[in-house]
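S.K.: I have a structure here, written as structure tokens, and I will follow up with some questions on it.
The values are calculated or read from the model by the stated rules, or taken from the named source; none is laboratory data. Keep in mind that this is a model prediction, so the values were computed, not measured. Don't worry about glycine lacking a Cβ; one is built from the backbone with ideal geometry, like all the others, and counts go over all protein chains shown. Just the protein is used for accessible areas: all its heavy atoms, side chains included, with ligands, DNA and RNA removed. Shrake-Rupley method; radii C 1.70, N 1.55, O 1.52, S 1.80 Å.
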Amino acid sequence: MKSEYFIELEEKHGAHNYHPLDVVIERAQGVWVYDVEGNQYLDCLSAYSALNQGHVHPKILQAMIEQASRVTLTSRAFRNDQLPLLYKELSELTGYDMSLPMNSGAEAVETAVKLARKWAYEVKKVPKYEAEIIVASGNFHGRTTTIISFSTEPAYKEPFGPFTPGFVVVPYGDADALEKAITPNTAAVLLEPIQGEAGVIIPPAGYLKKVAEICQRNQVLFIADEIQTGLGRTGKLFASHHENVRPDMVVIGKALSGGFYPVSAVLADEPLMGLFQPGEHGSTFGGNPLAAAIARAAIRVLQEENLIENAAVQGEYFIEQLAEIPSKHIKEVRGKGLLIGVELKPEAGGARRFCEALKEQGILAKETHMHVIRFAPPLIIDRATIDWALPKIREVLTSL
């Protein structure tokens, strides 16, 4: 069947909560995807960094098949033989004592918010129900009701009130404004080290380090949302490592799944994570053996194939080459590792038409907000593939 058939079905029977490019993908492998007509495309979005290991990685697929044939779900009412190993391997990888697995990134952020509030009441002795969490403008931490309560994007927030209280918004990248917003009731600061959804916004150098120092000085937890930037995307295990910062809590997801099955987690040391008691938080599917086996395989691939190092090397080259494109439309090329944003000038007519033109050239990228094209290919991409894509990107950015 042709693409038009599937697009018509989707538009007729599905909620219109996304605005996808009109490409109907039926199979994928590595950095490449194929539509129902058999056309091949380079995936330069990686499902918003959930596919750091590439599509259908054979080792992760094998782990999934083997585990699915044994046991898939136990709930946390019983123990299974995969979750303890995931705990151990996450701890060895990240250096944090403990972790709490969930499913989606939004669930993990909700987990971090709950833990920060509990810490505020039990350790910092903030008056009951008066804990505050400082967040940054332009944030994107998910789409649940609590999380959108502190979004500054009207489309994500406005039709869905009333909102959850207890959040204070300060300008992203402004450490002085953040420090001024701290009160005796401040429990935590929640930040993305790089704001991906906002348009690959990179804060000023030294910002994260200064935020960490402010938090430590004021007895405030520092929570880093590394759902998109973590697990190698920016050329380090975590983006906060670019400034040698170790947050009190780190939220991860996306690439922890290897692109197969939703897995997320919150990482922290025992004095903090140990505050959770039985019954206070959980999820039927959180930490299930299938998810744990897949996440363990995803971690192994990340390490065995040196994907973090590859992201650093190929990302630097990709950014340099994009920055040399002589296009009247480009305002700025920015990024770290393989999380890259090409911001277009307002008069360029928006990034969407460029993404549609890139699709015709065999490259799938996606606009973020109005004027930014996000390039975030799987971390397995090699130099030859980038060199294949660059002339096509150059043609689109100079001919429209």
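S.K.: Probe radius 1.4 Å, ligands and nucleic acids ignored: give me the carbon and sulfur share of the accessible area of the range 58-305 as a rounded percent.
M.R.: Answer for the range 58-305 is 54 percent, counting heavy atoms of protein chains only.
S.K.: What do you reckon, how do TYR96, TYR261, TYR48 stack up by accessible area (1.4 Å probe), largest on top?
M.R.: Working: TYR96 10, TYR261 45, TYR48 70 Å².
Accessible-area ranking of TYR96, TYR261, TYR48, largest first: TYR48, TYR261, TYR96.
S.K.: Got the relative contact order for the range 1-77 handy, in percent, Cα pairs under 8 Å and 6 or more residues apart?
M.R.: Over the range 1-77, the number comes to 22 percent.
S.K.: Considering only DSSP beta bridges with both partners in the chain, what is the antiparallel share in %, to the nearest 5?
M.R.: Approximately 65 percent, going by the DSSP bridge assignments.
S.K.: Taking the range 115-184, which GluC sites (Glu not before Pro) meet the DSSP loop condition and have no more than 16 other C-beta atoms within 10 Å?
M.R.: Answer by residue number: GLU130.
S.K.: Between GLN216 and ALA68, what FRET efficiency comes out of the Förster formula 1/(1 + (r/R0)^6) with R0 = 41 Å and r the beta carbon distance, rounded to 0.05?
M.R.: Using R0 = 41 Å, I get an efficiency of 0.40.
S.K.: Taking Rh as the Kirkwood radius, which is the inverse of the mean 1/r over Cα pairs, what is the Rg/Rh value for the chain?
M.R.: Here the Rg-to-Rh quotient is 0.96.
S.K.: Further question: How much length would be gained if the chain were fully extended between ASN17 and ARG394, taking 0.36 nm per residue of separation minus their Cα-Cα distance, in nm to one decimal?
M.R.: In short, 132.6 nm is gained.
S.K.: Taking LYS366 as the anchor, which lysines have their alpha carbon closer than 22 Å to its alpha carbon, excluding any fewer than eight residues away along the same chain?
M.R.: List returned: LYS157, LYS254, LYS328, LYS331, LYS336, LYS345, LYS392.
S.K.: Could you calculate the contour length gain from TYR121 to ARG383, that is, 0.36 nm times the residue separation minus the distance between their Cα atoms, to one decimal place in nm?
M.R.: Working it through step by step, the gained length comes to 89.2 nm.
S.K.: Next question. What do you get for Rg/Rh of the range 326-400 when both radii come from the Cα atoms and Rh is the Kirkwood radius?
M.R.: Ratio value, two decimals: 0.93.
S.K.: Suppose only helical runs count, i.e. DSSP H with n ≥ 4. What mean residue ellipticity at 222 nm does that imply for the chain under -39500 (n - 2.57) per run, divided by all residues and rounded to the nearest 500 deg cm²/dmol?
M.R.: Mean residue ellipticity at 222 nm (helix-derived): -10500 deg cm²/dmol.
S.K.: So for the chain, averaging the separation of alpha carbon pairs under 8 Å that are six or more residues apart and normalising by length, what relative contact order in percent results?
M.R.: Result for the chain is 23 percent.
S.K.: Now, a different point. So, for the chain, what is the accessible surface per residue at a probe of 1.4 Å, expressed in square angstrom? Working shown, then result.
M.R.: Numbers: 17570 Å² over 400 residues.
It amounts to 44 Å² per residue over the chain.
S.K.: 7 Å from Cα along Cα→Cβ at both THR284 and GLN303: what's the point-to-point distance in nm?
M.R.: In this crude label model, THR284 to GLN303 measures out at 3.4 nm.
S.K.: Taking the Cβ-Cβ separation of GLU153 and GLU10 as r and a Förster radius of 25 Å, what is the calculated FRET efficiency to the nearest 0.05?
M.R.: That gives a FRET efficiency of 0.55.
S.K.: So, one more: Which shape class applies to the range 261-371: rounded if a/c is under 1.5, otherwise prolate when a/b exceeds b/c and oblate if not, where a ≥ b ≥ c are the square roots of the Cα gyration tensor eigenvalues?
M.R.: Cα axes put the range 261-371 in the prolate bin.
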